[in-house]
Amino acid sequence: MSAKIHTYMLRLNWVGNLGTGTKIYTGYSRNHEYHAPGKPMIAGSSDPAFRGDPSRWNPEELLLASVASCHKLVYLHLCHDNGINVTAYEDDATGTMVETDNGGGHFTEVTLHPRVTISATSDTQSAHDLHHKVSELCFIAQSVNFPVHHKPIIGKEKP
């Protein structure tokens with residue numbers, strides 16, 4: 001079986017030139033916009049710790065959102081394939097990033113906290129166990145160099 005190749009594209013537009021470009025470190029905004037055909041614009045900036053606008057999404061949040069979204073999508077697919085009827089899903093994901101002495105940094109881990117509701121007739125243990133299988137299949141989790149943990153809570157709908 002040959003590998004399928006998928007290519008993704010977007011336009012990032014820096015909108016932070018306040019008149020003098022990057023001549024003065026405090027004289028420019030970190031604001032930018034993500035654009036892709038047929039989709040709403042996403043307003044981005046840097047983390048407020050790095051002079052960013054707190055009302056805009058920062059790259060660290062978007063990385064965390066990508067990990068959590070991919071996990072959810074693969075999980076729902078696996079539940080469908082295994083006869084588990086998921087009726088609600090929410091996740092309060094957390095990520096930890098460490099700044100290094102050279103001015104860079106990296107994520108050290110992400111922990112997902114999915115709260116999943118399944119139908120009364122679905123198997124709770126199987127619904128829990130499928131979270132482990134997701135880690136093997138999630139494109140994003142397989143692409144990062146830090147551990148992605150998950151601490152799911154599975155609840156059942158009342159009959």
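Do we have THR20 as more than 20 Å from LYS133 (Cα to Cα) and at pLDDT 95 or above here?
No, not satisfied.
Let's see how each residue does on (1) within 18 Å of the chain's Cα centre (by Cα); (2) not basic (Lys, Arg):
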| site | (1), (2) |
| --- | --- |
| TRP14 | no, yes |
| ILE24 | no, yes |
| PRO48 | no, yes |
| ARG51 | no, no |
| GLU60 | yes, yes |
| VAL67 | yes, yes |
| CYS79 | no, yes |
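Got a number for residues in the range 132-159 being in a strand (DSSP E or B), free of Cβ contacts under 8 Å to residues at least 60 places away in the same chain and in contact with a Ser or Thr (Cβ under 9 Å, 6 or more places away or on another chain)?
4
Can you pull out the residues in the range 19-53 that are under 27 Å from GLY104 (Cα atoms), surrounded by fewer than 12 Cβ atoms within 10 Å (Cβ to Cβ) and not β-branched (Val, Ile, Thr)?
Within the range 19-53, GLY21, LYS23, TYR25, ALA49 qualify.
Collect the residues in the range 54-75 that are assigned to a loop (DSSP other than H, G, I, E, B), surrounded by fewer than 16 Cβ atoms within 10 Å (Cβ to Cβ) and not polar (S, T, N, Q), keeping them in residue-number order.
PRO54
Search the range 17-28 for residues that are more than 15 Å from GLY52 (Cβ to Cβ) and pair each with any residue that is not hydroxyl-bearing (Ser, Thr, Tyr) and not in a loop (DSSP other than H, G, I, E, B) when their beta-carbon atoms are under 6 Å apart and the residues are at least 6 apart or on different chains.
Short answer, once both residue conditions are applied: THR20/GLY27.
Would it be correct to say that THR121 is closer than 28 Å to ALA49 by Cα, of a type in the set (Val, Ile, Thr) and surrounded by fewer than 13 Cβ atoms within 10 Å (Cβ to Cβ)?
no
In the range 17-59, how many residues are touching an Asp or Glu at 6+ places or on another chain (Cβ under 9 Å) and over 22 Å from GLU99 (Cα atoms)?
Number of matching residues: 3.
Go through (1) part of a loop (DSSP other than H, G, I, E, B); (2) surrounded by fewer than 16 Cβ atoms within 10 Å (Cβ to Cβ) and name the single condition ILE84 misses.
Only one criterion in (1) part of a loop (DSSP other than H, G, I, E, B); (2) surrounded by fewer than 16 Cβ atoms within 10 Å (Cβ to Cβ) is unmet by ILE84, namely (2).
In this structure, is VAL116 in contact (Cβ under 8 Å) with a residue 60 or more places away in the chain and either among the charged types (D, E, K, R) or out of contact with any Ser or Thr (no Cβ under 8 Å at 6 or more places or on another chain) (or both)?
no
Please tell me if LEU78 is in contact with a Ser or Thr (Cβ under 8 Å, 6 or more places away or on another chain) and in a helix (DSSP H, G or I).
no
The values are calculated or read from the model by the stated rules, or taken from the named source; none is laboratory data. Here the structure is a predicted model, which is why all the values come from computation and not from measurement. Because the Cβ atoms are built from the backbone with ideal geometry, glycine has one as well, and the counts that use them run over all protein chains shown.
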